[in-house]
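Chemist: Okay, handing you the structure first.
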Amino acid sequence: MSAPAASVDELRDLYRELILDHARSPRHFGRPGNYTHCAEGINPLCGDKLRLYLLLDDEEIRDIGFEGAGCAISMASASLLADTVGGMSKAAALDYSAAFNARLAGDATAQATQSAIDFGKLRALEGVREFPSRVKCATLAWHALRAALNTDPHAITTE
Ligand code: ZN
């Protein structure tokens, strides 16, 4: 705790670097060899489009991957999502997703539940709150995550 506090500008630079890093080299990019759930997310306002794949076993996310194309924020958010929720239980991932969306939406009523959650690197995306049109870019992958988790796994095997 003895390190000097970073200025707001320095933090923003760090966050910008983190977002660009994840956008340029997305983690978990590609379709996993096996998956049980998937959902597509489209943000027509920006042209972001992605498909999220999950391998669930015993209600736990054993593998995760995504494909798609979009702006740096949408790709970084999907990459950070994959890094974050891989290994979580379905219930924990849904809770986390709801809390993250509420945080980006500036939902004050959700503050209490959010305080128990460590958003870690996802804090890098909080800057989009100043740009309402970009919030959809940052939350796209999270909407896809909820859609995928709420999909009946048997319904997508016919695709
Ligand atoms: Zn976008």
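Chemist: For segment 79-91, enumerate the residues that are among the hydrophobic types (A, V, I, L, M, F, W, C) and either in contact with an Asp or Glu (Cβ under 9 Å, 6 or more places away or on another chain) or at pLDDT below 95 (or both).
Modeler: Met88, Ala91 - these are the residues of segment 79-91 that are among the hydrophobic types (A, V, I, L, M, F, W, C) and either in contact with an Asp or Glu (Cβ under 9 Å, 6 or more places away or on another chain) or at pLDDT below 95 (or both).
Chemist: Check whether at least one residue in segment 25-33 is within 16 Å of the ligand (Cβ to nearest atom), touching a residue at least 60 places away in the same chain (Cβ under 8 Å) and not basic (Lys, Arg), and report yes or no.
Modeler: no
Chemist: Okay, next question. Working only within segment 34-47, note down all residues that are farther than 13 Å from His143 by Cα and either surrounded by 16 or more Cβ atoms within 10 Å (Cβ to Cβ) or within 11 Å of the ligand (Cβ to nearest atom) (or both).
Modeler: Once the filter is applied, which keeps residues that are farther than 13 Å from His143 by Cα and either surrounded by 16 or more Cβ atoms within 10 Å (Cβ to Cβ) or within 11 Å of the ligand (Cβ to nearest atom) (or both), segment 34-47 yields Tyr35, Thr36, His37, Pro44, Leu45, Cys46, Gly47.
Chemist: Evaluate segment 63-74: report whether one residue or more is more than 16 Å from the ligand (Cβ to nearest atom) and hydrophobic (A, V, I, L, M, F, W, C).
Modeler: yes
Chemist: Check Gly106, Gly86 and return the single one that is within 13 Å of the chain's Cα centre (by Cα), away from the ligand (no atom under 16 Å from the Cβ), surrounded by fewer than 19 Cβ atoms within 10 Å (Cβ to Cβ) and not hydrophobic (A, V, I, L, M, F, W, C).
Modeler: Gly86
Chemist: To continue, here is another question. Looking at segment 125-134 only, could you name the residues that are of a type outside the set (Lys, Arg) and surrounded by fewer than 19 Cβ atoms within 10 Å (Cβ to Cβ)?
Modeler: Glu126, Gly127, Glu130, Phe131, Pro132, Ser133, listed by residue number.
Chemist: Out of curiosity, is Leu122 modelled with pLDDT under 95 and either part of a helix (DSSP H, G or I) or buried (at least 23 other Cβ atoms within 10 Å of the Cβ) (or both)?
Modeler: In short, yes.
Chemist: Here is a list of conditions, (1) more than 16 Å from the ligand (Cβ to nearest atom); (2) part of a loop (DSSP other than H, G, I, E, B), and Leu94 meets all of them except one; can you say which number that is?
Modeler: (2)
The values are calculated or read from the model by the stated rules, or taken from the named source; none is laboratory data. Everything numeric in this text was worked out from a predicted model, so none of it was measured. Note: ideal-geometry Cβ built from the backbone for every residue, glycine included; neighbour counts use all protein chains shown.
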